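Report on the following structure.
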Amino acid sequence: MTPKVSIITTTYNDADHLEKVVRRVYEQDYPVIEYIIVDGGSTDRTPEVIRQAEELFGERLVWISEKDNGIYDAINKGLKLASGEIIGLMFDNFATEHVVSEMVEIMQKEGTDGVHGDLDYVDGERIVRKWRMGEGTIRQGWMPGHPTLYLKRQVYEKYGNYKTDYRIAADYEFIVRILKDEEVKLSYLPRVLVKMFYGGTSTGSLSSYVDSFLESLRALKENRVKHPLWINLRRTVRVLTQFHSG
């Protein structure tokens with residue numbers, strides 16, 4: 001069986017970056033990919049890039065362009081459009097053309113609900129930081145790298161989508177929600193799967209780290225995870241110690 005993989009990219013007035021992402025998705029050697037672009041109504045040359053993507057992907061491309069209420073609302077729109085058995089997000093670059101194939105292979109081999117791996121934060125061609133999270137549990141302060149996380153459709157159907165009342169950490173809230181009871185099983189690929197652009201909403205400035213910490217604490221409390229402050233502190237320390245300058 002070769003399950004369809006839906007890959008969702010959200011974008012807004014970032015045509016140059018979108019062009020790179022489209023190319024990297026197109027270069028994947030996995031044969032059954034549905035590519036979804038959710039544009040927030042861009043006024044730059046994004047429509048031109050989407051037309052180019054249509055030429056590359058043909059009927060495998062699904063796209064919309066309309067105003068949204070932020071990135072998590074845009075992601076949820078993409079999830080509604082997705083028809084694949086496995087769903088993932090891509091705002092950056094796959095490390096190699098084999099990533100999706102490797103993800104599907106290990107999920108099928110291990111019979112898991114999803115897969116994640118390592119990532120590098122990059123500034124152009126320069127590696128700024130490396131994220132090597134390995135395996136663990138939410139209560140240990142662990143979390144998978146969100147840009148590398150691909151999940152079966154059933155996970156979204158059971159646990160729901162991203163909460164749009166979070167500004168910066170709805171991804172962490174979603175991860176806590178699906179993993180807190182340890183019923184969703186993930187495979188781990190111990191190699192770099194994604195090269196992530198450094199400088200997004202949740203990376204970079206001190207204020208963004210503070211905002212992320214506070215929203216992450218809120219996510220733990222809302223999901224009734226015991227000892228939320230302690231877990232969030234452990235998570236912060238763990239993430240910082242897992243980051244190594246390139």
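Some points to look at:
- Lone qualifier among Leu61, Leu56 - being in contact with a helix residue (DSSP H, G or I) (Cβ under 6 Å, 6 or more places away or on another chain), touching a residue at least 24 places away in the same chain (Cβ under 8 Å) and within 16 Å of Phe94 (Cβ to Cβ): Leu56
- Residue in region 32-51 that is of a type outside the set (A, V, I, L, M, F, W, C), in contact (Cβ under 8 Å) with a residue 40 or more places away in the chain and surrounded by 19 or more Cβ atoms within 10 Å (Cβ to Cβ) present: yes
- Residue selected from region 1-26 under the condition touching a residue at least 40 places away in the same chain (Cβ under 8 Å) and hydrophobic (A, V, I, L, M, F, W, C), by the criterion nearest to Gly111 (Cα to Cα): Met1
- Qualifying residue in region 206-215 (condition: closer than 30 Å to Gln108 by Cα and under 19 Å from the mean Cα position of the chain (by Cα)): no
- When the test is whether a residue is hydrophobic (A, V, I, L, M, F, W, C), on the phi < 0 side of the Ramachandran plot and more than 18 Å from the chain's Cα centre (by Cα), Ile87 does not pass it.
- Taking (1) touching a Leu at 6+ places or on another chain (Cβ under 7 Å); (2) modelled with pLDDT of 95 or more; (3) farther than 15 Å from Gln28 by Cβ; (4) not small (Gly, Ala, Ser) in turn, Leu119 satisfies each apart from (2).
- The single residue among Glu183, Glu173, Glu135 that is in contact (Cβ under 8 Å) with a residue 24 or more places away in the chain, surrounded by fewer than 16 Cβ atoms within 10 Å (Cβ to Cβ) and outside any strand (DSSP E or B) turns out to be Glu135.
- The set of residues in region 148-170 that are under 24 Å from Ala95 (Cβ atoms), part of a helix (DSSP H, G or I) and hydroxyl-bearing (Ser, Thr, Tyr) contains only Thr148.
- Qualifying residues in region 97-141 (those that are over 17 Å from the mean Cα position of the chain (by Cα) and of a type in the set (Val, Ile, Thr)) - the one nearest to Val184 (Cα to Cα): Thr112
- Residue within region 96-115 that is at pLDDT 95 or above, in a loop (DSSP other than H, G, I, E, B), touching a helix residue (DSSP H, G or I) at 6+ places or on another chain (Cβ under 6 Å) and buried (at least 17 other Cβ atoms within 10 Å of the Cβ) present: yes
- Selection from region 173-191 of residues that are in contact with an Asp or Glu (Cβ under 8 Å, 6 or more places away or on another chain) and charged (D, E, K, R): Glu173, Lys185, Arg191
- Positions within region 4-29 being within 20 Å of Asp68 (Cβ to Cβ) and of a type in the set (Val, Ile, Thr), in sequence order: Ile7, Ile8, Thr9, Thr10, Thr11, Val21, Val22
- Cβ-Cβ under 7 Å pairs, at least 6 apart or on other chains, region 151-164 side modelled with pLDDT of 95 or more, far side of a type outside the set (Asp, Glu) and surrounded by fewer than 17 Cβ atoms within 10 Å (Cβ to Cβ): Thr164/Asn69
- Looking across region 1-53, the residues that are more than 19 Å from Gly88 (Cβ to Cβ) and part of a helix (DSSP H, G or I) come down to Ala15, Asp16, Glu19, Thr46, Pro47, Glu48, Val49, Ile50, Arg51, Gln52.
- Here Tyr26, Tyr12 are screened, and the one residue that is surrounded by fewer than 19 Cβ atoms within 10 Å (Cβ to Cβ) and not acidic (Asp, Glu) is Tyr26.
- Within region 142-166, tally of residues that are over 14 Å from the mean Cα position of the chain (by Cα) and either within 17 Å of Ile106 (Cα to Cα) or among the hydrophobic types (A, V, I, L, M, F, W, C) (or both): 3
- Condition met for Val62 (surrounded by fewer than 19 Cβ atoms within 10 Å (Cβ to Cβ) and under 26 Å from Ala170 (Cα atoms)): yes
The values are calculated or read from the model by the stated rules, or taken from the named source; none is laboratory data. In this text the structure is predicted, and so the values were computed from the model without any measurement. Ideal geometry is used to build each Cβ from the backbone, glycine not excepted, and the neighbour counts take in all protein chains shown.
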